[in-house]
Amino acid sequence: MEGLFEVMPGLGWREGLGLVIFGYIIFEQLSFFSKRKHLPGPSFVLPFVGSVIAMVVNPTGFWVNQAKDASKVGVSWNALLGKFVLFVRDSQLSQKIFANVRPDAFHLVGHPLGKKLFGDHNLIFMFGEEHKDLRRRLAPLFTLKALGVYVSIQEKTQKEHITKWLDRADKLKNNPIRIRLLCRDMNLETSQNVFVGPYLTPDMRERFNEDYKNFNVGLMSLPIYFPGFSFYKATKSVKNIQNSLARCAAASKARMATGAEPSCLMDFWMVETVRELGEAEAAGMPPPSHSSDFEIGCHIFDFLFAAQDASTSSLVWAITLTESHPHVLEKLREEQSLLRPNPLAPYTPESLRELKYTEMVVKEVLRYRPPATMVPHIASTDFALTDTYTIPKGTIVFPSLLESSFQGFTDPEVFDPERFSPERMEDQVYRKNWLLFGAGPHQCIGQRYAINQLILFTSLFTTFVDYKRARTPGCDDLLYTPTITPKDEGLVYISPRIVSEH
């Protein structure tokens, strides 16, 4: 080290190192200010770490400030862990990023250090022909036949959990319960049952649940990849989950090879995979892409991640928003009474589609409180976002779904399911602002499954449960967990609702 600074007479290595660090700090600041140009944002960011501490300590305040900075020009800047980042508030500019108007101009990253967290085999990080090929393979997983199998599993799991919640509330007497973690556990079990069905043994489920908790904690922690830190622990837990799901893939392949009927999403995937593997083997060709047990396990984890926290957020908001809008709740129950005279009759994809008003409520919940408020991308090349600003290559860009949801719509600050009625059709009129499932090549492939999950739960919960919010000051403020939920995590009183056949 001393030899490094021999060109600096009179300086020891410590002083020389200090000068190098100081020089880098100056370079970093000048680099950020060169990239930001005229965009609003902080006048100074901490060296090396940027604003990541502020984001982790108070994510709500951090992103609110970014939105305020972007209010005039639609975009603001900041820095996280030495990375130049942009927050995009304007929905038309967000559409440019989602739609990928220049091929492969942006890559979806899901998390600033997503590859370290999720691993290499992840649908989020794919693009081009590889991405198109995988989405083609996934299409059979969401046919009407497949959705019918899933709805039966979803209904059974949701009913079991709602019954447990009511039993728990009864034991607590007149005390309210926090619904978020209960919804989260229900969602996790629903996803496990739908995606991998019978292949997760009780022991595997127990370990899986623990690993998933570690993953959630690491997702919201400082991304320090070193033993003892939550982010490091999360990466190890993700690998455990992926290996468990790989074992499930192997078991599903073996079962589907016997000609058995599919009983979960993985089975529907393996039917086609088994056929392609057989054809490749017969022709002396290598196995098709995305057909190894571990790759499939990684992609199933993608589905779990996509379905888990987003749906949890929306279920909690569905409860709190219908409770605070009694006329909406009344109309929901009127529709159920009319279309489901026998409330115990099983649901099907077709019967869910008949619940038009319930679907309108679900869509408004998603618009009013989009669970994934931002979808980070990385610029793979310089990209002209506007006539006056070009995004530099390597920039992490955060298009805001939350901000887009409050642009263009009629009285966007009002919770109004009627905006999605056949007469108004605001989801079509303002399609470019309704970005809940993304847009372009990475638009969510499982959105019908997700909407079915929300319609089903809203129908079941409002039919069989009476509920009242335990209001506290600021209870509706946004809490990032990492998706948004009410600050009180849905503190409600619940009790059984007496329902009879009509």
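The values are calculated or read from the model by the stated rules, or taken from the named source; none is laboratory data. Owing to the predicted nature of the structure, the values given are computational and were not obtained by experimental measurement. Heads up, the Cβs are rebuilt from the backbone with ideal geometry, glycines too, and the neighbour counts pull from every protein chain shown. The area values use the complete protein model at the heavy-atom level, side chains included, leaving out ligands, DNA and RNA. Shrake-Rupley method; radii C 1.70, N 1.55, O 1.52, S 1.80 Å.
Treating each Cα of the range 320-437 as one equal point scatterer and applying the Debye formula with no solvent, the log10 of I(q)/I(0) at q = 0.12, 0.22 Å⁻¹ comes out as -0.58, -1.24.
Near His161: Cβ cut-off under 14 Å, other residues only, Lys/Arg at +1 and Asp/Glu at -1. The net charge is +1.
Ignoring the sites themselves, the chain has its longest run without GluC sites (Glu not before Pro) in a DSSP loop having at most 16 other Cβ atoms within 10 Å at 7-412. Take the Cα radius of gyration of the chain and divide it by 2.2 N^0.38 Å, N being the number of residues; the result is 1.06.
Ligands, DNA and RNA left out, the 1.4 Å accessible surface of the range 90-496 is 56% carbon and sulfur atoms.
Using the structure shown, select from Lys213/Lys233; Lys68/Lys96; Lys96/Lys393; Lys233/Lys487 the pairs with a Cα to Cα distance greater than 18 angstrom. In this structure, Lys68/Lys96; Lys233/Lys487 lie more than 18 Å apart at Cα. The label point for Lys156 and the one for Lys171, both projected 7 Å from the Cα toward the Cβ, are 2.5 nm apart. For Asp476, the residues 5 or more places off, or on other chains, whose built amide H falls under 5 Å of its own are Lys487.
At a probe radius of 1.4 angstrom, the accessible area of the chain per residue rounds to 45 square angstrom. The stretch between Glu334 and Thr381, if pulled fully straight at 0.36 nm per residue, gains 11.6 nm over its current Cα-Cα span. For every other residue with a beta carbon closer than 9 angstrom to the beta carbon of Glu189, add +1 if it is Lys or Arg and -1 if Asp or Glu, then tell me the sum. Result for the local shell: -1. For a distance above 13 Å, tell me the whole-number percent of Cα pairs in the range 367-436 that qualify. Tail fraction, whole percent: 69.
Which parts of the range 451-482 would a label at Asn58 reach, counting a residue when its backbone N lies under 18 Å from a point 7 Å out along Cα-to-Cβ? What the label zone holds, given the 18 Å backbone N cut-off, is 474-481. With K and R counted +1 and D and E -1, the other residues having a Cβ less than 9 Å from that of Pro496 yield a net charge of -1. A Förster radius of 41 Å combined with the Cβ-Cβ distance from Val429 to Val20 puts the calculated FRET efficiency at roughly 0.10.
Were the residues from Thr388 through Ser495 laid out at 0.36 nm apart, the gain over their Cα-Cα distance would be 32.8 nm.
Taking the range 401-418 and a reference point 7 angstrom along Cα→Cβ of Ala67, the backbone N atoms nearer than 20 Å belong to 401-417.
Relative to the longest principal axis of the Cα atoms of the chain, the long axis of helix 128-138 makes an angle of roughly 20 degrees.
The long axis of helix 265-282 is offset from the longest Cα principal axis of the chain by roughly 70 degrees.
Here is the list for the range 400-502: trypsin sites (Lys or Arg not before Pro) lying in DSSP coil, each with at most 16 other C-beta atoms within 10 angstrom of its C-beta, are Arg424, Arg471, Lys487, Arg497. Each residue of the range 461-468 was assigned a 3J(HN,Hα) from its phi angle through the Karplus curve 6.51 cos²θ - 1.76 cosθ + 1.60 (θ = phi - 60°); the sequence is 5, 6, 6, 9, 10, 9, 8, 9 Hz, with glycine and proline shown as x. The label-point distance for Val217 and Ala282, in a model that sets each label 7 Å from Cα toward Cβ, rounds to 5.1 nm. Each residue of the range 192-198 was assigned a 3J(HN,Hα) from its phi angle through the Karplus curve 6.51 cos²θ - 1.76 cosθ + 1.60 (θ = phi - 60°); the sequence is 4, 5, 6, 7, 10, x, x Hz, with glycine and proline shown as x.
I'd like the distance separating the alpha-carbon centroids of the range 150-197 and the range 419-464, in whole Å. Each part reduced to its Cα centre gives a spacing of 22 Å.
Placing dummy labels 7 Å off each Cα toward the beta-carbon, the span from Glu129 to Phe294 is 2.5 nm. Along the axis of the charge dipole computed for the range 90-496 (Cβ charges of +1 for Lys and Arg, -1 for Asp and Glu, origin at the Cα centre), the listed residues Pro288, Leu339, Asn214 are led at the positive end by Asn214. Amide H to amide H distances under 5 Å link Val75 with Arg89, where only residues 5 or more positions off or on other chains count and H is placed in the peptide plane.
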